[in-house]
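Novice: Input: one structure, supplied below.
The values are calculated or read from the model by the stated rules, or taken from the named source; none is laboratory data. Since this is a predicted model, take the numbers as computed values, not measurements. No Cβ is skipped: glycine too gets one built from the backbone with ideal geometry, and neighbour counts run over all protein chains shown.
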Ligand SMILES: CC(C)(COP(=O)(O)OP(=O)(O)OC[C@H]1O[C@@H](n2cnc3c(N)ncnc32)[C@H](O)[C@@H]1OP(=O)(O)O)[C@@H](O)C(=O)NCCC(=O)NCCS
């Protein structure tokens, strides 16, 4: 019998647009205050892509950095998985545009839409392809230009979101990397968090544009409660499936939606867990599918992760959808 093939993260990279939108800036746009946003969400500022700066460009920049850090040439990449809900166009997929920009001549690729849980869905999909022996090197990218689907007249949502991208290189390995991965959805709660128009249900009309239906709509309070319970359960199951306990986790990289959600999950996971959480949501807000790889890459750059560390990632988002994964750092 041939030895088991594992999937390991061998490189990380991220990119965030230069333009910073602070809470003070938002005070001039909608009826809100810096104090309200900070105490309710933990967010101080977010990045906003320029008009011509596309999801594919941000994804490409993050991917280039991830390839560099892994020491992998673009020609070696066999598959590109892009998690996004703000692709450049309905089709071709953003993965195709990134493939061309990178010159990843041998790679196939596609986009995967699962809102804020998208990156963990893509990581699991890429890992399955590697573990099956079908491919050996993949790029897994989360990239979002949420500013293009944000209702800038709604204080309920516009204070929460931002733009950015993160990427990892995932490669075949004879030693374990991805120790566990757990995914789930509950489509009965689809209406809690959605972009109602722009699909076949509500193609663009003057009315859909007038009513801001091409923007993110959210039931904040309901989403909050479910997010805490679901992320907690996903984290606990991912840790158990990895054959570990909470004490074995060196760093937790949660989806960066809201400080209060993260604190509630960490507190329920156990004493001292909050000290192991990597946070950058104060500077980026919620960047949906880009959130975890952006945070993971920043954590690596800041020297917060060392070889052998067990890193827990956990996400929750529209769908509703969620995921949890534990990786051993290589
Ligand atoms: C959105 C969220 C921050 C709102 O916080 P909250 O404590 O639940 O606030 P509520 O929705 O109960 O609103 C409280 C009040 O603040 C007001 N409010 C909402 N947004 C505001 C803003 N940006 N500035 C000032 N006031 C605001 C509301 O209108 C409401 O006023 P009212 O009591 O007069 O009706 C919170 O529900 C949340 O984080 N939910 C999860 C969202 C999320 O992360 N979604 C993505 C998951 S991937």
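Novice: Report whether or not residue 168 is within 17 Å of residue 324 (Cα to Cα), part of a strand (DSSP E or B) and outside the structural domain of residue 304 (by TED's automatic domain parsing).
Specialist: yes
Novice: Follow-up. In this structure, does residue 282 turn out to be under 15 Å from residue 260 (Cα atoms) and either surrounded by fewer than 23 Cβ atoms within 10 Å (Cβ to Cβ) or at pLDDT 95 or above (or both)?
Specialist: yes
Novice: Those residues that are within 16 Å of the ligand (Cβ to nearest atom) and either touching a residue at least 24 places away in the same chain (Cβ under 8 Å) or within 23 Å of the chain's Cα centre (by Cα) (or both), I need them from the stretch 15-30; list them, please.
Specialist: Of everything in the stretch 15-30, those that are within 16 Å of the ligand (Cβ to nearest atom) and either touching a residue at least 24 places away in the same chain (Cβ under 8 Å) or within 23 Å of the chain's Cα centre (by Cα) (or both) turn out to be 21, 22, 23, 26, 29, 30.
Novice: Can you tell me which residues in the stretch 300-330 are buried (at least 20 other Cβ atoms within 10 Å of the Cβ) and part of a helix (DSSP H, G or I)?
Specialist: 300
Novice: Test each condition in (1) more than 22 Å from residue 71 (Cβ to Cβ); (2) more than 16 Å from the ligand (Cβ to nearest atom); (3) assigned to a helix (DSSP H, G or I); (4) in contact with a strand residue (DSSP E or B) (Cβ under 7 Å, 6 or more places away or on another chain) for residue 111 and report the one that comes out false.
Specialist: It is condition (3) that residue 111 fails.
Novice: Please enumerate the residues belonging to the stretch 40-52 that are within 16 Å of the ligand (Cβ to nearest atom) and closer than 19 Å to residue 297 by Cβ.
Specialist: Correct list: 45, 46.
Novice: Across the stretch 268-281, which residue is farthest from the ligand (Cβ to nearest atom) among those that are assigned to a loop (DSSP other than H, G, I, E, B), touching a helix residue (DSSP H, G or I) at 6+ places or on another chain (Cβ under 9 Å) and on the phi < 0 side of the Ramachandran plot?
Specialist: This residue is 278.
Novice: So, one more: Do you know which of the residues in the stretch 245-254 that are in a loop (DSSP other than H, G, I, E, B) and under 11 Å from residue 277 (Cα atoms) is nearest to the ligand (Cβ to nearest atom)?
Specialist: 249
Novice: Identify all residues within the stretch 197-224 that are within 23 Å of residue 322 (Cα to Cα), within 16 Å of the ligand (Cβ to nearest atom) and part of a loop (DSSP other than H, G, I, E, B); write none if there are none.
Specialist: Within the stretch 197-224, 215, 216, 219 meet the criteria.
Novice: For the condition buried (at least 21 other Cβ atoms within 10 Å of the Cβ) and within 16 Å of the ligand (Cβ to nearest atom), what is the one hit in 55, 33, 12, 84?
Specialist: Result of the check over 55, 33, 12, 84: 84.
Novice: Considering the stretch 225-244 alone, what residues qualify as being assigned to a loop (DSSP other than H, G, I, E, B) and either within 16 Å of the ligand (Cβ to nearest atom) or crowded, with 18+ Cβ neighbours inside 10 Å (or both)?
Specialist: Passing the criteria: only 242.
Novice: Of all residues in the stretch 171-196, which are assigned to a helix (DSSP H, G or I) and either in contact (Cβ under 8 Å) with a residue 60 or more places away in the chain or within 19 Å of the chain's Cα centre (by Cα) (or both)?
Specialist: Answer for the stretch 171-196, where residues must be assigned to a helix (DSSP H, G or I) and either in contact (Cβ under 8 Å) with a residue 60 or more places away in the chain or within 19 Å of the chain's Cα centre (by Cα) (or both): 187, 189, 190, 192.
Novice: On to the next question. Among (1) within 16 Å of residue 239 (Cβ to Cβ); (2) within 16 Å of the ligand (Cβ to nearest atom); (3) under 16 Å from the mean Cα position of the chain (by Cα), which single condition is residue 265 missing?
Specialist: The failed condition is (3).
Listed here are the residues, each with its yes/no results for (1) in a loop (DSSP other than H, G, I, E, B); (2) over 20 Å from the mean Cα position of the chain (by Cα); (3) not assigned by TED's automatic domain parsing to the domain that holds residue 114.
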position: 38; (1), (2), (3): no, yes, no
position: 43; (1), (2), (3): yes, no, no
position: 46; (1), (2), (3): no, no, no
position: 52; (1), (2), (3): yes, yes, no
position: 62; (1), (2), (3): no, no, no
position: 68; (1), (2), (3): no, yes, no
position: 80; (1), (2), (3): no, no, no
position: 86; (1), (2), (3): yes, no, no
position: 90; (1), (2), (3): yes, no, no
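Novice: Within the stretch 282-294, can you find the residues that are under 14 Å from residue 38 (Cα atoms) and part of a helix (DSSP H, G or I)?
Specialist: 282, 283, 284, listed by residue number.
Novice: Also, quick follow-up: So residue 168 ticks every box in (1) within 17 Å of residue 114 (Cβ to Cβ); (2) more than 19 Å from the chain's Cα centre (by Cα); (3) more than 16 Å from the ligand (Cβ to nearest atom) but one. Which box is left unticked?
Specialist: Of everything listed in (1) within 17 Å of residue 114 (Cβ to Cβ); (2) more than 19 Å from the chain's Cα centre (by Cα); (3) more than 16 Å from the ligand (Cβ to nearest atom), residue 168 misses just condition (2).
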